[in-house]
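Scroll down for the structure; my scribbles are underneath it.
Taken together, the values in this text are just the output of simple stated rules run on the coordinates, not laboratory data. Please read these numbers as outputs of a predicted model, since none were measured by experiment. Cβ: placed from backbone, ideal geometry, glycine included. Neighbour counts: every protein chain shown.
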């Protein structure tokens, strides 16, 4: 039981840290887009590298924030029934949904994308566009990496739900309260 709680705490802290880091990447993306828009409208100029940087940053944000989003229960779900359920029923929905859908999906994506990323890495793949960014392999490596973090959080959710169902713990799904040091 203590080992499960330790795992849950560790993964939650890891994805919390990753989410905060990703928030800074979001700031960077906003700055890059603003610079690109200013260059287009003021100087009638744009750059393939800047456009690619925009979608590189967006991709990294999307992939690395997936575990953080799951941790904070901010992923897409039809809440018509879920919000009215008791804590134990919510735990059952999370437990079964994670076990049947989320974990297998993460495993399939990791398995299929790591080969894709590995080949790209070995080829030292760069953008095929003239003036594009080098190191396309880095963005491709984010696919399996992002899903590894999501898988870790999926197991945390599975274990947390299991504690609610089988050990009658009630504080597992408590709303996230930010640390006082980060406020």
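Relative contact order, whole percent, for the chain stands at 30, derived from Cα pairs under 8 Å and 6 or more residues apart. Once the gyration tensor of the Cα atoms in the stretch 2-182 is diagonalised, the equivalent ellipsoid follows with semi-axes of 37, 20, 14 Å, ordered largest first.
Segment residue 80..residue 123, full-extension length gain: 10.7 nm, with 0.36 nm per residue of separation and the alpha-carbon distance subtracted.
Note on residue 89 and residue 59: with the Förster distance fixed at 45 Å, the Cβ-Cβ geometry gives a FRET efficiency of about 0.80. In this label model, residue 111 and residue 170 are separated by 4.1 nm, measuring between points 7 Å along each Cα→Cβ vector.
Between the helical axis of 2-43 and the longest alpha-carbon principal axis of the chain there is an angle of about 30 degrees. Calculated [222 nm] ellipticity per residue, helices only, for the chain: -24500 deg cm²/dmol; basis is -39500 (n - 2.57) per DSSP H run with n ≥ 4, divided by all residues, nearest 500.
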